[in-house]
1. Spot the failing condition for residue 184; the list is (1) open to solvent by less than 20 Å² (accessible area, probe 1.4 Å); (2) in contact with a Gly (Cβ under 9 Å, 6 or more places away or on another chain), and only one is missed.
2. Could you give me the residue pairs with C-beta distances under 9 Å whose first residue belongs to the stretch 65-90 and is among the acidic types (Asp, Glu), whose second residue is modelled with pLDDT under 95 wherever it lies, and which are 6+ apart or on separate chains?
3. Are any residues in the stretch 32-50 open to solvent by 60 Å² or more (accessible area, probe 1.4 Å) and not aliphatic (A, V, I, L, M), and if so, which ones?
4. Could you please give the count of residues in the stretch 106-127 that are touching a helix residue (DSSP H, G or I) at 6+ places or on another chain (Cβ under 9 Å) and open to solvent by 10 Å² or more (accessible area, probe 1.4 Å)?
5. Specify which of the listed residues (140, 29) is open to solvent by 30 Å² or more (accessible area, probe 1.4 Å), under 26 Å from residue 280 (Cβ atoms) and in contact (Cβ under 8 Å) with a residue 24 or more places away in the chain.
6. Looking at this structure, is residue 630 at pLDDT 90 or above and hydrophobic (A, V, I, L, M, F, W, C)?
7. Can you work out which of the residues in the stretch 403-422 that are hydroxyl-bearing (Ser, Thr, Tyr) and within 23 Å of the chain's Cα centre (by Cα) is surrounded by the fewest Cβ atoms within 10 Å (Cβ to Cβ)?
8. I'm trying to understand the selection: among the residues of the stretch 80-89, which are closer than 16 Å to residue 241 by Cα and either open to solvent by 40 Å² or more (accessible area, probe 1.4 Å) or under 38 Å from the mean Cα position of the chain (by Cα) (or both)?
Amino acid sequence: MKENTKQKESFQEELIEEFEAFQLTQQDKFPEHELLKIDLHCHDYNSDVPDELLGRILNVPETWLKTEDLVETLKKNGCNAITVTNHNNARSCFELKEKGFDVLIGAEFSCTVPDFNIGIHVLTYGFNQEQEKMLNRLRKNIYAFQEYTFANNLPTIWAHPLYHYTTNGVPPIEFFGKLVLIFERFEVLNGQRDTWQNMLVKIWLESLTSEKIDQLSKEHGIDPHQYCHNPYKKSLSGGSDSHMGIFSGLTGTYLHVPDLQKRLLTTSLAELALEAIRKGEMAPYGSHHNTEKLTVAFLDYVCQIAMNHQDPGLLRILLHKGTTQDKIIAMLISNGFSELKRHKVTMKFIELFHNCFIGKSPSFSQRWFVPRIYKPIFDDATRIAENGKTEPENKIKIYHDSIVSINNRLNEILYDRLTKKVNELAAFNKIEDINFNNLIKNVELPSDFRMLAESDSIKEWSKNGQKMKSPNLKNFMDGLSFPFLASSLILAAHFTSAKVLYNVRPLLQTFSKEIGRLEHPKRMLWLTDTFDDNNGVSMVLREMHEEIKKRDLPIDIMVCSNTLQPDDHLIVLKPMAEFNFPFYQQQTLRIPNFLEIHTLFQEREYDRIMCSTEGLMGLAALYLKNAYSVKAHFYIHTDWIMFARKVLNIESHNLNHLRRLLRTYYHGFDSLFVLNTDQQKWFTGKSMGFDPSLVSLTAHWVDDKFYPRKDRKSEMFGLSMNQPVVAFVGRISYEKGVLELPEIYKEIEKEIPNVHFVIAGTGPAEKQLKEAMPDAIYTGWIDHNQLPDIYYAADLLILPSKFDTFSCVVLEALSCGLPVIAYNTKGPKDIINDGENGFLVSNQADMIQRIITSIKDKELHKSLKNSAIQRSKEFHKDKIINQLLKDVGLQE
C-alpha cells in the first residue's frame, strides 16, 4: 500500500496516553507482595447458551473449551486464584470444587433492566447452588437481583457497562445514571473490548463525585444504600472475557489481601479473593488493544464451529424466535458450514489453525505432505503455535501479524490462479460471448449451496444465430476454492470482531460527548474504483481531491491503482489483480485487498464513508459500514438503467430485474447524493422507495480555468470569425447520442453553408462517426486544461445525449460564455435555463431549428452568451462543498 504520510493518529495517541496513565496508578495502588492475581471474567464449555440470537438459532455454544484447559491457561498466564464465570450457571466452578479444587464460585448473569427493556451482564461471586437458582429466577429484574445479592453479601460487578443488549437503539444517558446507583463494582478493563470503550467507562466513573451521586439519587428516586455498602466508592475490576481460552488471564484483576502470606496459612485463596472483592480492594491489569484480540478469538471460534458443526434442523430455524432476516442468515450460515465440511483441504487448514492457536505445533513430517505453494502458510501457522512461549504482551501482535501474513499469501495464490483462468476464458472468447440479458435474467442463488458447488449444467443462448455456452462454474472454481474459503474465513473474523466491538459506536459517541472526553474525530473515507481514468467520474473526483487538499478537509480518497501516485488526502492501494472486459474496455476492474481496507479504516480513525462507484469499492463501503457501525453515503454519478439500455443493450423486461438489484444495493447506504431533480424524484418514488430526507441534491462545479477569454477560432480550428462553429465535447460513444450529429449537420448546412462542426473527444463510435460525417473537425482527446480554448472558440455547444446525470461539459461551456443546446432531460435541464443561456429541446428537429436560430440571430446569441456566464456563477464550489460537508455531518 502507498500511504498518505500526512495523516496523524492523535486519537489513538490520546487513548494510549490515558490507558498508560491509568495502568501506572493501578500498579502502584497496593503492595505487590499482598496481591492475588485473578481473571474475574472467563468462560469454558459450560457457556453453552449464547446471548446472541443467531447462536441460539444455530444451536452452537459460545465455546468448546474444556475446564481443565482453561485452568491450565490461567495458571500459565500467572493467575494464582481461579474462577470461571459462565453464562447463567456455575457448573464448572461447582465441578471443580467437588474435585477438591480451590475455586471462587462465579457466573455471568444476563439480567434485564425492566424499565428500559435493556439487557446487561452482571458478574456475581460467592453463591451456593440454592442461591444460584434464586439468582436465575431474579435476573429478569436487575433491581430485585441486586437487592438479593446485597442482602446475601454476594459481590457483583457490572461487566462491560457500555456493551448492552437492546432492540431499542442507544440507551439514554439516564439509564447509566440510574444503574450507577445500584452497583459499586464495575469492569473497566475487558479484554475483548477496545481501549476506547474501556477508558470511557473509567473516566465516567472517576467523574462521579459524592455530590453527583446524591443528585442522581434524587433524580431517580433511588436510595443507593439499598444496593451498596458504600455507594460513593466505585471499585474497578478487569477480566479477559475470553471464551476460547487463548487470552485467559492476560487481562484481569489484582486483589489486595493485607498480610497475604499469613492469611494463606488459615484461609483458602477463594475465600481471600471473595473477601477482597467484597471490600472493593481491586486493581485491574491488561494491555492496550483495538480489535486484535477479538479477531483472533473469533477466527478460532469459526474454526471450532466448522470442526464441530451439526445441522441445527430446519424446524428449529423456522420455529425459533427471531425475524425472517435472522432465520435467512442462519440458514445461509448453516449451509455455508455444511459446504465447508465437505472441502477437505480447507478443513485441514482450519484444524491446523485451531491447533496452532491452542499451542499445538504441527510435526515436521506434516510439512512434507503440504504442497510447495502452501508451505509458507504452514510456516506462518506454526509461528502462531510457537507464540505460547512468548511474553504475554507480545502475543497479540504475533498472532495478528501471522494471520495477516497468511491472508496475504492466500490472496496472492487466489488472484494468481484467477488471473490465469480469466485469461484462458478470454483466449477462447468465452468472456466476449457473455450475454448480459441472460446474465441478469439468471442472477440467482440456489437455496442449497451444494447445488451450486456440484452444478455441471451449462446454460446456452443464441448469438448471431449460433448457440453459445456459459463457462462451467465447477470447472472454473477448481483450484480457487481453498484460498477463497480460507481468506474469507480470516476476513469474516475481522468483520465480526469489529462488528461486536463497534455495534455500540453510537452509544460511545453519545457517552464521550456527555463526559466531554475521548470524542472520536470526525473523518470521512471516500471510496472509488476510478480516479485517474478518462471518464467523468474521475474528473469530478480529481477536482474534489484538489479542493480537499486546499482546505485540508477531514476527508481522504481511497483508490486501487498500479499507476497512480499517492498524495495528501489520497490513499493508493496496490490491486491484488486487474481485469479488462471486452464489453467495457474503458474501465479496468481492480481488486483491492479487503483486509487492508479494513485495517486502514481503523488505523486512520475514520467514522463515516462516502462512495462514488458501484464496483468493488462499493462493496468495501458496505462492508466497512456494517463492520464499524458507521454512516455510509453514496454519491451517484451514473444512471445505470440508462447505461444498461444504451450501452449494454439490456432488454426492457430485464431492466426491472436490474432496478431491483440496484434498489437493494443502494438501500444498504444511509443516504444518497444525486445530481439532478429527475434522479431525486426517481429514488424517492414508488419504484425505488427512498425516504426523501435521505436523498440530497448536489452538483458539480468547474475550476477557475473555465472563464471567458479572447477568441481563438483561427488558432484552434483555422477558421475565420464569420465561420460558425458548433462543438460537441465528450466521449464519442453511442449512449452520448453522437450518431445523431451527421443528420443534424446535414440539415444545418442547408441553412448555413459555412457552418463547421468540431468533435472534441475519442471513443468507441469514433470510426463510425467519421465515416458518416467526414467533413467535421476531429481534435482527438483534449487535455482538460485546453478545453476552455475549445469552448471559447466555438459559437454553440450541442449535447445530443439523453444519458448524462449532470453534464459537466454544459457547466464548463456556460462558464466560458458558450450557450448550450441540449435535450430536455435530467442533468442539462437542471443547468440550462431554456431561452436564457441556451435551449432545451424535445427532439432532433427542434434541436436543428434552435441551432439555426441561435447562429443567425446575433442579438439573441449575444444575450445567450452573457446569461451563460451569469448562470454558471450559481454553481460555486464553496456553496456546493459546504452543503456536502453539512449533509455528511462534517460541518455544523
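The values are calculated or read from the model by the stated rules, or taken from the named source; none is laboratory data. Only a predicted model underlies this, so the values are computations on that prediction, with no experimental measurement involved. Glycine also receives a Cβ, built like all others from the backbone with ideal geometry; neighbour counts cover every protein chain displayed. SASA here: full protein model, heavy atoms, side chains in, ligands and nucleic acids out. Shrake-Rupley method; radii C 1.70, N 1.55, O 1.52, S 1.80 Å.
1. (1)
2. Close Cβ pairs (under 9 Å, with a partner that is modelled with pLDDT under 95) amount to 69/245; 69/358; 72/245.
3. 32, 33, 45, 48
4. 5
5. 29
6. Here the answer is yes, as residue 630 does meet what is asked.
7. 405
8. Scanning the stretch 80-89 gives 83, 84, 85, 86, 87, 88, 89.
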